[in-house]
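Engineer: Questions regarding the structure given below will be posed in turn.
The values are calculated or read from the model by the stated rules, or taken from the named source; none is laboratory data. On a predicted model such as this, the values are computed, not experimentally measured, just so you know. Cβ atoms come from the backbone with ideal geometry, glycine included; neighbour counts cover every protein chain shown. Heavy atoms of the whole protein, side chains included, go into the accessibility calculation; ligands, DNA and RNA do not. Shrake-Rupley method; radii C 1.70, N 1.55, O 1.52, S 1.80 Å.
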Amino acid sequence: MQRERRGELTQLYQAVVVSRLAVEAARGELIEALGDWLCGADALPPGSQEIQALATLCEAQEKAEAEYARCVAVLSEKLVRRARVA
């Protein structure tokens, strides 16, 4: 059971890391595209699709972080209960 929880926690943490990296990459691409547009290299600024894609990635990151935090809180609560019993 404990290994199962540890595995779940590891997977959730990895999901948080992956989502953070995806958001970071999308932000970088959007900033780069805005810079290109401002400097005249591109005729059009980044569109709503790029902005919506970033928003979607941000939402996924928030969900991953919330799920990870929930799992950590459950495990912490169990540890506190065990410590009180001991």
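Engineer: Would you tally the residues in segment 39-54 being closer than 15 Å to Arg27 by Cα and open to solvent by less than 70 Å² (accessible area, probe 1.4 Å)?
Structural biologist: The total comes to 5.
Engineer: Taking the criterion of being touching a Leu at 6+ places or on another chain (Cβ under 6 Å) and in contact (Cβ under 8 Å) with a residue 40 or more places away in the chain, would at least one residue in segment 35-47 satisfy it?
Structural biologist: So far as segment 35-47 goes, no, none of its residues is touching a Leu at 6+ places or on another chain (Cβ under 6 Å) and in contact (Cβ under 8 Å) with a residue 40 or more places away in the chain.
Engineer: Can you tell me which residues in segment 12-28 are surrounded by 13 or more Cβ atoms within 10 Å (Cβ to Cβ) and of a type in the set (S, T, N, Q)?
Structural biologist: Ser19
Engineer: Still on this structure, please answer the following. Can you tell me which residue in segment 18-54 is farthest from Arg3 (Cα to Cα), limited to those that are among the charged types (D, E, K, R) and part of a helix (DSSP H, G or I)?
Structural biologist: Ranking the candidates gives Asp36 first.
Engineer: Just to be sure I understand the filter: pairs with C-beta atoms under 8 Å, separated by 6 or more residues or on different chains, first member in segment 6-29 and in contact (Cβ under 8 Å) with a residue 12 or more places away in the chain, second member aromatic (Phe, Trp, Tyr) and open to solvent by 50 Å² or more (accessible area, probe 1.4 Å). Which pairs pass?
Structural biologist: These pairs meet every condition: Leu9/Tyr68; Leu12/Tyr68; Tyr13/Tyr68; Ala15/Tyr68; Val16/Tyr68.
Engineer: When you go through (1) touching a helix residue (DSSP H, G or I) at 6+ places or on another chain (Cβ under 9 Å); (2) open to solvent by 50 Å² or more (accessible area, probe 1.4 Å); (3) within 30 Å of Ala33 (Cα to Cα) one by one for Tyr68, which number turns out not to apply?
Structural biologist: (3)
Engineer: Do we have any residue at all in segment 55-62 that's part of a helix (DSSP H, G or I) and loosely packed, with under 10 Cβ neighbours inside 10 Å?
Structural biologist: No, segment 55-62 contains no residue that is part of a helix (DSSP H, G or I) and loosely packed, with under 10 Cβ neighbours inside 10 Å.
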